[in-house]
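Heads up, the thing below is written out as structure tokens.
The values are calculated or read from the model by the stated rules, or taken from the named source; none is laboratory data. Not measured: the values here are computed from a predicted model. Cβ: placed from backbone, ideal geometry, glycine included. Neighbour counts: every protein chain shown. Surface accessibility is based on the protein's heavy atoms, side chains included, excluding ligands, DNA and RNA. Shrake-Rupley method; radii C 1.70, N 1.55, O 1.52, S 1.80 Å.
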Amino acid sequence: MPVINVEDLTDKDKALMEVTQLKTEVKLERWLTSKCCEEIKDYIQAGVEEDILVKGIPEDKNPFKEKGGCVIS
């Protein structure tokens, strides 16, 4: 899809683009925010056992763990 510089369009072209976008958006199924939040919460809680951000990375599988220490004497 080519890039369109909106500043180069006429007012009629801008209005046509906006109407086209609104027609597309009106066809979308809308959900209640409360229902979406419940589904997201359930999805997150279902995967909490495998979530590295919650559980952490095991020391033996941590690629960022320092291989050796530096001793200054």
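For this structure, a couple of remarks:
- Pairs with Cβ under 9 Å, 6+ apart, first in the stretch 36-65 and without any contact (Cβ under 8 Å) to a residue 12 or more places away in the chain, second in a helix (DSSP H, G or I) and exposed (fewer than 10 other Cβ atoms within 10 Å of the Cβ): LYS65/GLU59
- The selection criterion, being open to solvent by 90 Å² or more (accessible area, probe 1.4 Å), at pLDDT below 95 and basic (Lys, Arg), holds for LYS35.
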